[in-house]
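Asks: Okay, handing you the structure first.
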Amino acid sequence: MSQNPPVFEVLPRDLSAYRQGNVGIDYVHRFESGKPGPHVLINALTHGNEICGMVAATHLLDAGVRPLIGTLTISFANVAAYESFDQARPFESRQLVHNLNRIWSAAELDGADESPELLRARALRPVVAAADHILDIHSTSQDVEPFWVYPAYARNAQAAVAMGTPPVHLVMPSGLGSGTPLIQHGRHGQAQGDGVALVVECGQHFLQSAADMATGVALDFLAHFGLVAPRASRPAGPAVQRRYELLETCMVRTPDFQFTRPLRGFEVFARDELIATDGTHEIRALCDDCTVMMPTPRGGVPHAAGLRP
Ligand SMILES: [Zn+2]
């Protein structure tokens, strides 16, 4: 797959000043209000090159945001991958070895394998497990509109719809289909429960608009749970929110993988329309108004169906 070089409006910056946290785990900062209330985790850099989350997390820390109620934790997850950023290969610093957003099952976390990501996930495990509500901030390779991603639990949908921005929802009725993401660790991966855990995909990794979206959504998430006052500049929610269901996650099988036309994401296909070929394997639309979310530069396609309201 060829890809146009991205526009670099926001680049990584030195995070060493944020390394020393206050809970004994690098890059984790916690603030207690001393009042009853939920424990909310804002997590950045699950993927090392998704720097909008870094902008949001550093904003919260630099601005001295403190919870009015409950507890606020701010974490930078895969700083090791982030620090490997090379502008000539800007997609390579997503991860070093493992995808940090696929290894949150007990089997992986309790297992004997080692990698920078497995070690970091094990270090962060108590941080994720302690949170009542989690916002995990991501961004996309392609310049597409921002959207939420979450397991199809009513508690998640309720919070995301109430916030309203971004207005696009990708719900996962049966998980991601390729490992356990951070937002499905432990109780947040169970249908019964009251903990909200959302991913927000804020737009293209290196755009200022993605950084602004990440900061705004982080503040909205905190305001939703009462930890901060609603921001004055909050955009009025759009009248129409769009909901997609993840039907299939397609992984590339062969070096011959090819989309039938260049895709950025959100293109619409009719049922059975050919989307891509992978050797002799054909990837076809599973329903009408079917779309592709997050086609990667290397061709990996989470593959979602649009169920328009
Ligand atoms: Zn990501």
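Asks: What ³J(HN,Hα) values, in whole Hz, does the Karplus curve 6.51 cos²θ - 1.76 cosθ + 1.60 give for the range 65-73 when θ = phi - 60°, with x put for Gly and Pro?
Replies: With the stated coefficients, the range 65-73 comes to 5, 10, x, 6, 9, x, 9, 10, 10 Hz.
Asks: Follow-up. For the chain, what does the relative contact order come out to in percent, with C-alpha contacts under 8 Å and a separation of six or more?
Replies: Numbers: 693 pairs, mean separation 55.6, N = 309.
With pairs under 8 Å counted, the relative contact order is 18 percent.
Asks: Return the loop-located GluC sites (Glu not before Pro) in the range 95-194 (DSSP other than H, G, I, E, B) with at most 16 other Cβ atoms within 10 Å of their own Cβ; answer none if there are none.
Replies: Details: sites: Glu108, Glu114, Glu117; in loops: Glu114.
Those that pass, being in a loop and sparsely packed, are Glu114.
Asks: Got a sec? What order do Met293, Met213 fall in by accessible area at 1.4 Å, biggest, i.e. largest, first? Write down the numbers at each step before the final one.
Replies: Details: Met293 5, Met213 45 Å².
Most to least solvent-accessible, the answer reads Met213, Met293.
Asks: Mind checking which of Ile25, Tyr82, Pro6 is farthest towards the positive end of the chain's charge dipole, using Cβ charges of +1 (Lys, Arg) and -1 (Asp, Glu) about the Cα centre?
Replies: Looking along the dipole axis, the top candidate is Ile25.
Asks: Under 12 Å from the Cβ of Gly179, count the other residues' Cβ atoms, weight Lys and Arg +1, Asp and Glu -1, and hand me the total.
Replies: Values: positive: Arg102; negative: Glu108, Glu117.
Local net charge: -1.
Asks: Could you pull the Rg and Dmax for the chain, using just the Cα atoms, both in Å?
Replies: Rg and Dmax of the chain, Cα atoms, are 18.7, 61 Å.
Asks: Between Arg284 and Ser178, what is 0.36 nm times their sequence separation minus the Cα-Cα distance? Round to one decimal in nm.
Replies: In short, 36.2 nm is gained.
Asks: Also, quick follow-up: Which one of Ile283, Phe259, His188 has its Cα pushed farthest toward the positive end of the charge dipole of the range 152-287, where Lys and Arg give +1 and Asp and Glu give -1 at the Cβ?
Replies: His188
Asks: Another question, then. Going by Cα centres, the range 255-288 and the range 57-106 are how many Å apart?
Replies: Cα centroid of the range 255-288 versus Cα centroid of the range 57-106: 32 Å apart.
Asks: Let me know the charge dipole size of the range 16-224 about its Cα centre in debye, to the nearest 20, where only the beta-carbon of Lys, Arg (+1) and Asp, Glu (-1) is charged. If you can, show how the numbers build up before the last one.
Replies: On the way: 12 positive and 20 negative charges, 96 e Å.
Roughly 460 debye, rounded to the nearest 20.
Asks: For the chain, give the percent of accessible area contributed by carbon and sulfur heavy atoms, probe 1.4 Å, rounded to a whole number. Display every interim value, and only then the final one.
Replies: On the way: 6730 of 13120 Å².
So the carbon and sulfur contribution to the accessible surface is 51 percent.
Asks: Next question. Might you report the magnitude of the Cβ-based charge dipole of the range 57-151 about its Cα centre, with Lys and Arg at +1 and Asp and Glu at -1, to the nearest 20 debye?
Replies: Details: 7 positive and 13 negative charges, 43 e Å.
Here the range 57-151 has a charge dipole of around 200 debye.
Asks: Could you report the accessible area of Phe206 in Å², rounded to 10, computed with a 1.4 Å probe on the protein chains as they sit in the structure?
Replies: For Phe206, solvent-accessible area is about 0 Å².
Asks: What is the sum of charges around Thr260, taking Lys and Arg as +1, Asp and Glu as -1, for the other residues whose C-beta is under 12 Å from the C-beta of Thr260?
Replies: Numbers: positive: Arg261, Arg284; negative: Glu267, Glu273, Asp278, Glu282.
Net charge around Thr260: -2.
Asks: Provide the net charge surrounding Leu274, with neighbours chosen by a C-beta distance below 11 Å and charges set as Lys +1, Arg +1, Asp -1, Glu -1. Mind dumping the intermediate values first?
Replies: Numbers: positive: Arg261, Arg284; negative: Asp272, Glu273, Glu282.
Around Leu274, the charge tally is -1.
The values are calculated or read from the model by the stated rules, or taken from the named source; none is laboratory data. Since we're looking at a predicted model, the values are computed, not measured. All Cβ positions, glycine included, derive from the backbone under ideal geometry; neighbour counts span all protein chains shown. The protein model used for the area step is the full one, side chains on, heavy atoms only, and it has no ligands, DNA or RNA in it. Shrake-Rupley method; radii C 1.70, N 1.55, O 1.52, S 1.80 Å.
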